[in-house]
Amino acid sequence: QMWEEAIALGKELAEQYENEMFDYEQLSELLRKQAQFYENIVKVIRPKPDYFAVGYYGQGFPTFIRNKVFIYRGKEYERREDFEARLLTQFPNAEKMKTTSPPGDDIKTSSGQYIQCFTVKPKLDLPSKFHRPVSEQIVSFYRVNEVQRFEYSRPVRKGEKNPDNEFANMWIERTIYVTAYKLPGILRWFEVKSVFMVEISPLENAIETMQLTNDKINNMVQQHLSDPNLPINPLSMLLNGIVDPAVMGGFANYEKAFFTEKYMHEHPEDHDKIEKLKDLIAWQIPFLAEGIRIHGEKVTEALRPFHERMEACFRQLKDKVEKQYGVRAVLSSLDERRGSRPRSMVRSFTMPSSSRPLSVASVSSLSSDSTPSRPGSDGFVLEPLLPKKMHSRSQDKLDKDDLDKDKKEKKKEKRNSKHQEIFDKEFKSTDISLQQAEAVILSETISPLRPQRPKSQVLNAMSSERRFSVSPAAPSSQLSPPPITPRTKLAFSIQPNLELNGMSSSDIPDVPPPLPLKGSTADYGNLMESQDLISPTTSPPAHQRVSP
């Protein structure tokens with residue numbers, strides 16, 4: 001299911017098929033596969049495997065793993081207990097360590113085998129091509145793939161313990177592990193090359209927790225908008241844990257710990273961080289409002305009392321937050337913060353199977369672009385998606401199959417007639433120059449070659465030319481040969497009643513100009529049998545010339 005990697009390899013193959021091998025059949029098959037991969041990325045939900053840090057300590061292990069730490073990629077839906085059991089089967093004499101802190105030298109130099117295993121979190125490293133916010137369905141792949149940095153957080157308490165609020169003095173000791181290569185690679189595990197540790201203050205931990213919570217709500221809302229058939233239970237637990245103060249306390253603990261005059265006086269350097277935390281709290285209301293709206297549409301009658309209680313708690317929370325931290329616009333500003341959704345995602349967000357009204361997020365996505373961005377193949381602009389079109393695409397195809405055929409036929413005829421008009425206009429507007437009373441207009445009739453003249457017509461033309469050459473009143477223009485016209489595949493016809501360059505069609509002679517004589521009589525199919533014919537290009541002798 002690593003379709004992103006398959007697409008990258010497919011592009012390399014497509015380059016070979018298109019520009020090196022010119023195998024268009026293989027290219028078309030490959031492009032169809034790529035289209036299916038892109039569709040899978042957007043629509044198919046892939047499981048996210050866990051990553052585990054494993055340390056092998058003691059002289060009893062082989063040298064290539066002795067006193068080293070490795071990052072393993074677990075299987076799909078594999079828990080840490082199952083992974084540990086699978087690991088210990090390879091080393092049945094090893095002892096499992098109970099702590100996650102690095103061991104001392106006594107364990108490293110002992111003759112036994114000690115295995116330390118704990119779950120680590122991969123750190124997202126987005127490729128540079130994602131320079132703007134994109135759909136979570138696309139980003140989710142890079143949260144657990146192509147990762148090289150992993151972190152493990154352990155809470156540490158500093159100072160006096162506060163029984164009323166545990167967040168005030170809870171620091172986070174975060175260990176960062178960097179592997180030799182990105183996971184997954186040719187192996188499902190790689191050695192850790194560097195380890196360093198950072199400390200997160202309680203206020204920084206609160207900011208990070210609020211940001212993760214907002215992202216989690218928004219991601220789940222997007223999933224329910226794109227797939228209305230998802231179960232509602234995870235959404236119910238997430239919303240209730242945030243809205244109901246009796247469950248987890250919400251962000252009231254942060255207010256008690258950091259929004260006091262005492263804390264601001266003792267930590268004046270944290271003023272910007274406190275403002276950021278307040279902003280995140282205010283932005284949580286639009287996310288919760290959209291989640292509760294979706295929950296209300298999908299809730300069953302059995303859970304209706306639970307939903308009504310959650311709505312009552314949310315109204316109280318909303319009034320309190322908007323009064324203290326300000327109001328945030330529900331969706332228009334939300335899209336500006338998260339980045340406008342790609343047009344390709346609008347379809348997935350506006351294709352519910354049930355006939356429910358469009359969500360506010362979907363309407364906002366449609367109205368964000370003033371001009372439609374899907375031109376038709378014939379240059380006709382398609383109308384944007386309308387909110388009243390709620391049926392699926394398959395139903396629409398079944399219901400309006402005949403109507404679509406008629407529309408396509410009419411469009412085809414209209415397109416052909418339009419092309420014909422353009423063709424006529426271009427040729428009629430062309431200035432056709434006359435060459436010695438030879439005016440022609442190109443017609444659309446296509447013939448393989450210009451047909452030959454009949455034998456009688458050629459002989460008549462030759463005899464008339466012979467008479468003209470010795471006539472004293474012959475104009476000088478007829479003594480010069482007409483220009484040789486190259487053969488083309490287009491036939492020429494003279495339009496009747498057409499005036500070109502001031503000469504009407506009546507002025508054009510009916511007899512076409514004769515062909516110039518060549519040096520060899522075989523050029524004209526041996527039509528001329530007399531060798532004493534005088535060429536029109538040959539002037540008469542001096543004694544025959546008659547003075548005018």
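Values computed for the structure shown
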item: Positions within the range 129-151 being within 14 Å of TYR72 (Cα to Cα) and aromatic (Phe, Trp, Tyr), in sequence order; result: PHE150
item: Sole exception among (1) touching a helix residue (DSSP H, G or I) at 6+ places or on another chain (Cβ under 6 Å); (2) touching a residue at least 24 places away in the same chain (Cβ under 8 Å); (3) over 30 Å from TYR114 (Cα atoms); (4) not aromatic (Phe, Trp, Tyr) for ASN67, by number; result: (3)
item: Restricting the range 162-186 to residues that are part of a loop (DSSP other than H, G, I, E, B) and of a type in the set (A, V, I, L, M), the residue that is nearest to MET2 (Cα to Cα); result: ILE186
item: Qualifying residue in the range 106-129 (condition: farther than 30 Å from GLU208 by Cα, touching a helix residue (DSSP H, G or I) at 6+ places or on another chain (Cβ under 6 Å) and not polar (S, T, N, Q)); result: yes
item: Residue in the range 192-205 that is part of a strand (DSSP E or B), closer than 28 Å to ALA6 by Cα and not assigned by the TED database to the domain that holds GLU275 present; result: yes
item: Of the criteria (1) under 21 Å from ARG80 (Cβ atoms); (2) part of a loop (DSSP other than H, G, I, E, B), which one GLN116 fails; result: (2)
item: Residue in the range 1-20 that is β-branched (Val, Ile, Thr) and either touching a strand residue (DSSP E or B) at 6+ places or on another chain (Cβ under 6 Å) or in the same structural domain as LEU225 (by the TED database) (or both) present; result: no
item: In the range 178-208, the residues that are among the β-branched types (Val, Ile, Thr) and either closer than 30 Å to ASN40 by Cα or crowded, with 16+ Cβ neighbours inside 10 Å (or both); result: THR179, ILE186, VAL192, ILE200, ILE207
item: Checking LEU31 against (1) open to solvent by less than 90 Å² (accessible area, probe 1.4 Å); (2) in a helix (DSSP H, G or I); (3) at pLDDT below 95, the condition it does not meet; result: (3)
item: Yes/no for ARG86 being in a helix (DSSP H, G or I), open to solvent by 50 Å² or more (accessible area, probe 1.4 Å) and farther than 26 Å from LYS216 by Cβ; result: yes
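The values are calculated or read from the model by the stated rules, or taken from the named source; none is laboratory data. Note that the coordinates shown come from a computational prediction; the quantities given were computed from them, not determined experimentally. Glycine also receives a Cβ, built like all others from the backbone with ideal geometry; neighbour counts cover every protein chain displayed. Quick note on the areas: whole protein, heavy atoms, side chains included, nothing else; ligands and nucleic acids left out. Shrake-Rupley method; radii C 1.70, N 1.55, O 1.52, S 1.80 Å.
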